[in-house]
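The values are calculated or read from the model by the stated rules, or taken from the named source; none is laboratory data. Since the structure is predicted, the reported quantities are computational estimates derived from the model, not experimental observations. Glycine gets a Cβ as well: all are built from the backbone with ideal geometry, and neighbour counts include every protein chain shown. These accessible areas exclude ligands, DNA and RNA; they are computed on the full protein's heavy atoms, side chains included. Shrake-Rupley method; radii C 1.70, N 1.55, O 1.52, S 1.80 Å.
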Amino acid sequence: MTLPRSTPPEPQPQPPETPQPPQRHPGGRRPGENRTREQILDAARECFAERGYDATSVRRIAETAGVDQALVHHFYGTKEKLFLNALEIPLRMPEALAQAAAGDRVGLGSRIVLAHLRVWEDASARPAMMTTLRSAATHRSAAAVLRDYAKGSIREALGKVITGEDVELRIALIATTLIGLSLTRHLVRLDPVPDTSPQELAARLGPVIDLHLDPVTPAA
């Protein structure tokens, strides 16, 4: 005897799926893009600081960053644009100078020199400043950044303590002392300046800064 087959239940209609919006990343960037940009910029500063603008190629920067050369162009376009992004006097420098100037007038010159040196001794800040310093003689943009530091950051930091006649000249001479110190200590490496402690350099050059803080009294 053949048993009748049972009829399978009819499939129930399923509600239509609600389309999900595409996942967007904050700022429209994929995860890791910001880090890659920073990685390339760090590598650029390292290469520019070591070799200067003309001797540094995009290929060299890409190899140092460990990325494809096309990514350098993707994020920064040309070597010139990447170089402009690499130029910087870190914000820590004007902040450090302002803190040094906030103390007593006695010993101010030595504190300014020491503050300047301590920012330079910071390994994370040095490549950007070396890029600017090394390139200032041959690249107008680097020279402009250095001038802005010399006439802007130093003037802002010392504005309340340097008054009287010839203020612009005296600020320029203070900048000359500080930038010249960085040049001989970190770029030219004029012995024994690189091996001299920041404290000794501050003690010896502090009086030079103090001399420029006050206007010169004309000789009778």
Note to self: Just to be sure I understand the filter: pairs with C-beta atoms under 6 Å, separated by 6 or more residues or on different chains, first member in segment 134-147 and closer than 19 Å to I174 by Cα and free of Cβ contacts under 8 Å to residues at least 24 places away in the same chain, second member among the small types (G, A, S) and crowded, with 20+ Cβ neighbours inside 10 Å. Which pairs pass?
What the structure shows: A136/A142
Checklist line | Of all residues in segment 71-104 being charged (D, E, K, R) and touching a helix residue (DSSP H, G or I) at 6+ places or on another chain (Cβ under 8 Å), the one that is least open to solvent (accessible area, probe 1.4 Å) | finding: K79
Next item on the list: Specify the residue that is most open to solvent (accessible area, probe 1.4 Å); the eligible residues are those in segment 159-208 that are in contact (Cβ under 8 Å) with a residue 40 or more places away in the chain and among the acidic types (D, E).
Entry: E165
Note to self: Step by step: first the residues of segment 72-111, then only those that are more than 30 Å from R60 (Cβ to Cβ) and in a loop (DSSP other than H, G, I, E, B), then the one that is modelled with the highest pLDDT. Which residue is that?
What the structure shows: G107
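Restricting attention to segment 117-158, and to residues there that are under 14 Å from R51 (Cα atoms) and among the β-branched types (V, I, T), which single residue is most open to solvent (accessible area, probe 1.4 Å)? Lay out the reasoning, then the answer.
So the first thing to find is which residues in segment 117-158 are under 14 Å from R51 (Cα atoms), and the list is 127-139.
Of the ones still in play, those that are also among the β-branched types (V, I, T) are 131-132, 138.
On the way: T131: 0, T132: 0, T138: 111 Å².
Only one residue fits best here, namely T138.
Find the residue count for segment 209-220, including only residues that are open to solvent by less than 50 Å² (accessible area, probe 1.4 Å) and among the charged types (D, E, K, R).
Here the count works out to 1.
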Margin query: With the requirement that a residue be over 19 Å from E121 (Cβ atoms) and assigned to a helix (DSSP H, G or I), what does segment 155-174 give you?
Written below: R155, E156, L158, V167, E168, L169, R170, I171, A172, L173, I174
Next item on the list: Report yes if A49 is open to solvent by less than 80 Å² (accessible area, probe 1.4 Å), at pLDDT below 90 and in a helix (DSSP H, G or I), otherwise no.
Entry: yes
